[in-house]
There are 2 protein chains.
Amino acid sequence: MKKASVISIGNELLSGRTVDTNCAHLSERLLSISIPVVSSYVVRDEVEAIVRSLDLAVGEADVVLITGGLGPTDDDVTRQALAAFLKVELQFQGELLEKIMVFFARRGRQMAIKNKVQAYIPAGSKALANNLGTAPGIMAKVGEKLLFALPGVPSEMERMFEESVIPELRKLDVERVIVIRKLRCFGTGESNIAELLGDFGRRGRNPLINFTAGHGVITLHIVATAANEAQARRMAEKDEKQLRGMLGEFVYGTGEQTLAEVVGDKLARKGKTIAVAESCTGGLVSKLLTDVPGASRYLTHGWITYSNGAKISELGVASGLIEKHGAVSEEVAQAMARRAREKAGADAAIAVTGIAGPTGGREQKPVGLVYVSVEWDGGSDSKRFSFSGDREAIRLRTALTALNMLRLKI
Amino acid sequence: MKKASVISIGNELLSGRTVDTNCAHLSERLLSISIPVVSSYVVRDEVEAIVRSLDLAVGEADVVLITGGLGPTDDDVTRQALAAFLKVELQFQGELLEKIMVFFARRGRQMAIKNKVQAYIPAGSKALANNLGTAPGIMAKVGEKLLFALPGVPSEMERMFEESVIPELRKLDVERVIVIRKLRCFGTGESNIAELLGDFGRRGRNPLINFTAGHGVITLHIVATAANEAQARRMAEKDEKQLRGMLGEFVYGTGEQTLAEVVGDKLARKGKTIAVAESCTGGLVSKLLTDVPGASRYLTHGWITYSNGAKISELGVASGLIEKHGAVSEEVAQAMARRAREKAGADAAIAVTGIAGPTGGREQKPVGLVYVSVEWDGGSDSKRFSFSGDREAIRLRTALTALNMLRLKI
């Protein structure tokens, strides 16, 4: 199996100011075309340090991807480092300069004299077009090994990777192919998923099943390895079917799907509408629903009734109900959902009330106590939850839980 | 100046499944105690690969921090790799096993036999206590150089770093001290900030002034280097004062402050309240305001009037106004803000209407067109914006712009 190594260049990546997301993106994309990344390096804008990391990377991998350091300023030294590593000179390429000048002219700007350095690439290497910026990429060969230098700006890097790198990598002899499918789950804990998986979770199994978790969303990765893509796909699909059977309604989607997307899709397909009434989540449930393009097809109304007054005046929750049970209670959550649905004339409603903390908790109603109520044409459901974590974690878990409760009902 | 190198260990970091946040965290913390990170490596759970990266790191840095690979499973090989690098044996430590057993007993669980391996550390090295998990850390010396192995779980790693690593690093001779102050700006572009900075932006200057930008927030980093902390602090403070004078109202805060925090703090100090009416941001403005603990002191009411019907029925926006100017118009934004403030009986209000895309744009009203209106006791202000980027970028930029408009008025 061909292997890759990723080198990220830039002082800003080493000061903690910028988190290197390029490496994770490249790792995932490379794995999806069956070239696992076996090492990654973050180095300063310094010729010697870059050459050292190139030595190491070329020793470990068949494909080396460098990101960053292709800009026009003095501290962008990836070009020089690559030339030093290849033991060649930098060569001026007239047609590259022309492209850079056109880039500026199209934007009605004058090219700065500094940008001229971007028209130099190591002798014998090939320039890769940058359709979103000025820095061309570079491709070079060392024996059978392939080196690519890409810009550090994520959008430019990703576009160049798709347009210029992937086609080159597809030409490589790949003896084994990896296909990955993701199943997204919600509504149970990691240990329960691990137990339900049983032998499917065994290390060394093919397809390999592993999972990652965050804010209650558990993602199963089905990683199938085979001699060709069709076979790997069949293996992954077979496992997906079995896992779906075992996990039942815990599985809410595949790939990168979010709960809000799945709920929105269900509503849109049925031509149904939804209203939201939020207290402790303060707009987060609505925000998640409207993150999805086209949410206006189903979301019409939302209320953030953060104060008791707002619950009474805007939703018409009875003040006696709040006095008797408190604003954080099942009764108030139910009333909020019912009234939101009525006022909006919607088919469904979600209501949330709780204590997100860090203050405001009491012995009877501690931080993390949350009531969620959902209403739909045909019924209603309310539940009490006790979430742990900080304010952000409690709010996000609450919003996702509310969306999941509605998903299971509509 | 002492230098550090960070090695992150784990296959999951190389598959794109997990982004390595430990390295960014350590880099920022180390820089704040005047030990810049000069390189970082991500390597597989493989003894040889770890030893190779240790060789390289020790050649470049005085302090090497390893994270991950200290768990109890077969693929956790950091202990073995460290022993191989140090050319010593792993030694069983009775008191470490005792601590691990106590950890399980306290949680009412039986220690798995697998966990026994965590009681082995390289001969001559020192164990570091883990108060949040089972894996002890390891400290070793190679000549004058310090090696630390820490757990990969961020919470465990961060705690061990603060409790056990920082005290050791403070013992090192540090010839020069770095103090960093951050100024947060909003309301102008990067190029204008660069121009305003003038000579302050010069490379090699001390304090060094550089900036990072995202979603319209520009963060200036004032990095002062001096022989002692008091002197570095004075230099940074002097620059901060001058920069504040030059940048004026673009500066909204310091450190990690958000616009929502600053707006909320202003409201709370004056005992004022706020209401929010959102269309295209769909709850995001309210979400940002309520991300801040204690937001209930000032935020009482919010409306998500995503449909025209909701704007009319819930806020009482005149239907004729929407017919005449369209829902995305200055007039409707103004009416939303005015009515939200009145209905909530609040001192201030923010209203937003626009087209977040990717669909729904027309020639006259393209994707990215946004109207923001703010009202406060004493006046009102409305503005038209044209933002670029995807749906998420347009929504976030809109919400931050709205908060910033209010900040400048209250």
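The values are calculated or read from the model by the stated rules, or taken from the named source; none is laboratory data. In this text, all values refer to a predicted model and were calculated from it rather than measured experimentally. Note that we place each Cβ from the backbone using ideal geometry, even for glycine, and neighbour counts take in every protein chain shown. Side chains are part of the model used for accessible areas, which takes the heavy atoms of the whole protein and leaves out ligands, DNA and RNA. Shrake-Rupley method; radii C 1.70, N 1.55, O 1.52, S 1.80 Å.
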Sole miss for A:Asp381 among (1) on the phi > 0 side of the Ramachandran plot; (2) open to solvent by 20 Å² or more (accessible area, probe 1.4 Å) is condition (1)
Search result, residues across the range B:313-326 that are more than 13 Å from every other protein chain (Cβ to nearest Cβ) and open to solvent by less than 10 Å² (accessible area, probe 1.4 Å)
B:Val317
Extreme residue, nearest to the chain's Cα centre (by Cα), among residues of the range A:257-290 that are more than 7 Å from chain B (Cβ to nearest Cβ) and basic (Lys, Arg):
A:Lys266
From the list A:Ser329, A:Ser380, A:Ser388, which residue is in contact with a Gly (Cβ under 7 Å, 6 or more places away or on another chain) and away from chain B (no Cβ under 11 Å)?
A:Ser388
Which count do you get for residues in the range B:94-121 that are open to solvent by less than 100 Å² (accessible area, probe 1.4 Å) and basic (Lys, Arg)?
2
Return the only residue of B:Thr18, B:Thr73 being assigned to a loop (DSSP other than H, G, I, E, B), out of contact with any strand residue (DSSP E or B) (no Cβ under 9 Å at 6 or more places or on another chain) and either open to solvent by 10 Å² or more (accessible area, probe 1.4 Å) or at pLDDT below 95 (or both).
B:Thr73
Can you find, within the range A:194-210, the residue that is nearest to the chain's Cα centre (by Cα) among those that are part of a strand (DSSP E or B) and without any contact (Cβ under 8 Å) to a residue 24 or more places away in the chain?
A:Asn210
Considering only the range A:267-319, how many residues are of a type in the set (Val, Ile, Thr) and free of Cβ contacts under 8 Å to residues at least 12 places away in the same chain?
2
Condition broken by A:Val88, with the remaining ones in (1) assigned to a loop (DSSP other than H, G, I, E, B); (2) within 14 Å of chain B (Cβ to nearest Cβ); (3) at pLDDT 95 or above satisfied:
(2)
Mind checking which strands (runs of 3 or more DSSP E) fall wholly inside the range B:298-410 and carry at least 3 residues that are of a type in the set (S, T, N, Q)?
B:379-386
Tabulated pairs, the range A:1-18, first within 9 Å of chain B (Cβ to nearest Cβ) and over 17 Å from A:Val47 (Cβ atoms), second at pLDDT 95 or above and in a strand (DSSP E or B), C-beta under 7 angstrom, 6+ apart or interchain:
A:Val6/A:Leu65
With respect to A:Ser34, determine if the residue is within 12 Å of another protein chain (Cβ to nearest Cβ), crowded, with 19+ Cβ neighbours inside 10 Å and either closer than 30 Å to A:Glu229 by Cα or not β-branched (Val, Ile, Thr) (or both).
no
Which members of the range A:291-312 meet the condition of being open to solvent by 40 Å² or more (accessible area, probe 1.4 Å) and more than 8 Å from every other protein chain (Cβ to nearest Cβ)?
A:Arg297, A:Asn308, A:Ile312
Working only within the range B:241-273, note down all residues that are open to solvent by 30 Å² or more (accessible area, probe 1.4 Å), assigned to a helix (DSSP H, G or I) and touching a Ser or Thr at 6+ places or on another chain (Cβ under 8 Å).
B:Phe250
Hey, any hits in the range B:40-55 for a residue that's touching a strand residue (DSSP E or B) at 6+ places or on another chain (Cβ under 9 Å), open to solvent by 10 Å² or more (accessible area, probe 1.4 Å), at the interface with another protein chain (Cβ under 7 Å from one of its Cβ atoms) and part of a loop (DSSP other than H, G, I, E, B)?
yes
Residue under question is A:Thr359, and the condition is that it be of a type outside the set (Asp, Glu), within 13 Å of another protein chain (Cβ to nearest Cβ) and exposed (fewer than 15 other Cβ atoms within 10 Å of the Cβ); does it hold?
yes
In the range A:207-225, which residues are open to solvent by 30 Å² or more (accessible area, probe 1.4 Å) and of a type in the set (A, V, I, L, M, F, W, C)?
A:Leu208, A:Phe211, A:Ala213
Of (1) within 14 Å of chain A (Cβ to nearest Cβ); (2) open to solvent by 10 Å² or more (accessible area, probe 1.4 Å); (3) under 19 Å from B:Leu400 (Cα atoms), B:Ala349 satisfies all except one. Which?
(2)
Restricting attention to the range B:211-230, the residues that are touching a residue at least 40 places away in the same chain (Cβ under 8 Å) and among the polar types (S, T, N, Q) number exactly 2
Answer yes if at least one residue in the range A:152-160 is of a type in the set (S, T, N, Q), surrounded by fewer than 18 Cβ atoms within 10 Å (Cβ to Cβ) and over 18 Å from A:Leu65 (Cβ atoms), and no otherwise.
no
Provide a single number: the residues in the range B:139-179 that are at pLDDT 90 or above, of a type in the set (A, V, I, L, M) and more than 30 Å from B:Glu237 (Cβ to Cβ).
9
Please find, within the range A:184-206, the residue that is nearest to B:Asp75 (Cα to Cα) out of those that are within 14 Å of chain B (Cβ to nearest Cβ) and open to solvent by less than 60 Å² (accessible area, probe 1.4 Å).
A:Gly201
So, restricting to helices (runs of 4 or more DSSP H) that lie completely within the range A:92-193, which ones have at least 3 residues that are free of Cβ contacts under 8 Å to residues at least 12 places away in the same chain?
A:94-106
Answer yes or no: is there a residue in the range B:235-249 that is more than 14 Å from chain A (Cβ to nearest Cβ), on the phi > 0 side of the Ramachandran plot and under 26 Å from the mean Cα position of the chain (by Cα).
yes
If you scan the range B:56-70, which residues turn out to be crowded, with 22+ Cβ neighbours inside 10 Å and either free of Cβ contacts under 8 Å to residues at least 60 places away in the same chain or part of a helix (DSSP H, G or I) (or both)?
B:Ala57
Those residues that are open to solvent by less than 20 Å² (accessible area, probe 1.4 Å) and of a type outside the set (Val, Ile, Thr), I need them from the range A:328-343; list them, please.
A:Ser329, A:Ala333, A:Ala335, A:Met336, A:Ala337, A:Ala340
